[in-house]
Amino acid sequence: MPQNKPQRASFEELLNSATRSAVHLEMRDSYGIAGEAEEFEQWKRTGEVDLDPESEGWSRWTSLVRGAVARGVVMRRARIVSEPVSEYIKYEHATTVVNVGAGEQVRWLPRRRASDIALPGNDFWVFDDHLVRFNHFTGDGDGAGFEHIEDRAVAELCANAFEAVWERGIPHEEYKV
């Protein structure tokens with residue numbers, strides 16, 4: 001039985017305690033995170049996005065990533081996407097330059113190329129190959145909490161799924177939406 005970790009540790013605490021790696025797999029074609037709604041709507045109207053890594057919307061994240069990378073943590077993010085991509089994925093692709101500039105490595109995998117990969121049912125982070133943070137979402141894509149699991153079999157499942165996606169993924173700079 002997987003061992004659930006207390007939900008008290010924040011994402012920042014988990015990333016700040018990582019020593020080697022932090023990998024993130026995203027598998028949804030749309031997210032409805034309240035904090036992004038206004039910028040997403042603006043992007044749909046104007047095609048403009050916030051690409052300033054020091055802006056209010058980005059500075060907390062870019063600071064976390066830079067700090068982790070400076071400590072030697074390799075941060076990788078892979079996204080499985082349906083094609084043609086959704087409007088949200090176009091928006092996300094447009095903003096990913098900030099993630100990459102902060103030190104994340106990002107790859108994209110068309111969903112049709114992931115059919116034979118065993119994937120967990122939820123987006124996740126794996127820290128140092130042993131602690132998994134599953135991100136839960138509502139049907140509309142809003143955040144519905146998270147769950148920490150420190151179980152070798154679960155971490156291995158997630159790490160193997162991530163590596164399979166990563167191996168097939170297309171680097172951000174080469175993926176066209």
According to a simple spin-label model (label point 7 Å from Cα along Cα-to-Cβ), what is the distance in nm between residue 82 and residue 152?
3.9
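What is the fewest-to-most order of 25, 119 by other Cβ atoms lying within 10 Å of their Cβ?
Ranked by crowding around the Cβ, least crowded first: 119, 25.
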Please order 76, 168 by the number of other Cβ within 10 Å, starting at the fewest.
168, 76
Need one number for segment 73-167: average projected area of the convex hull over its C-alpha atoms, nm².
6.6
Taking N as the number of residues in segment 120-167, what is its alpha-carbon radius of gyration divided by 2.2 N^0.38 Å?
1.16
For residue 146, list long-range residues whose amide hydrogen, built 1.01 Å from N in the peptide plane, is under 5 Å from its own amide hydrogen.
136
Arrange 79, 107 by Cβ neighbour counts within 10 Å, fewest through most, would you?
107, 79
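What size of dipole, in debye to the nearest 20, comes out for the chain about its Cα centre when the only charges are +1 on Lys and Arg C-beta atoms and -1 on Asp and Glu C-beta atoms?
Taking the Cα centre of the chain as origin, the dipole is about 500 debye.
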Using only the alpha carbons of the chain, determine the length spanned along each of the three principal axes and report them from longest to shortest in whole angstroms.
48, 36, 30
Return the whole-Å distance between the Cα centroid of segment 121-177 and the Cα centroid of segment 58-113.
12
Give me the extension gain from residue 38 to residue 11: residue separation times 0.36 nm, minus the current Cα-Cα distance, reported in nm with one decimal.
7.4 nm
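Of all DSSP beta bridges in segment 4-174, what percent run antiparallel (nearest 5)?
So the antiparallel bridges in segment 4-174 amount to around 60 percent.
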Please state, to two decimals, what the Cα-based radius of gyration of segment 1-86 comes to when divided by 2.2 N^0.38 Å (N = residues).
1.33
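No lab work stands behind these numbers, since they all come straight from the coordinates. None of these values were measured; they are calculated from a predicted model. Neighbour counts run over all protein chains shown; Cβ positions are idealised from the backbone, glycine included.
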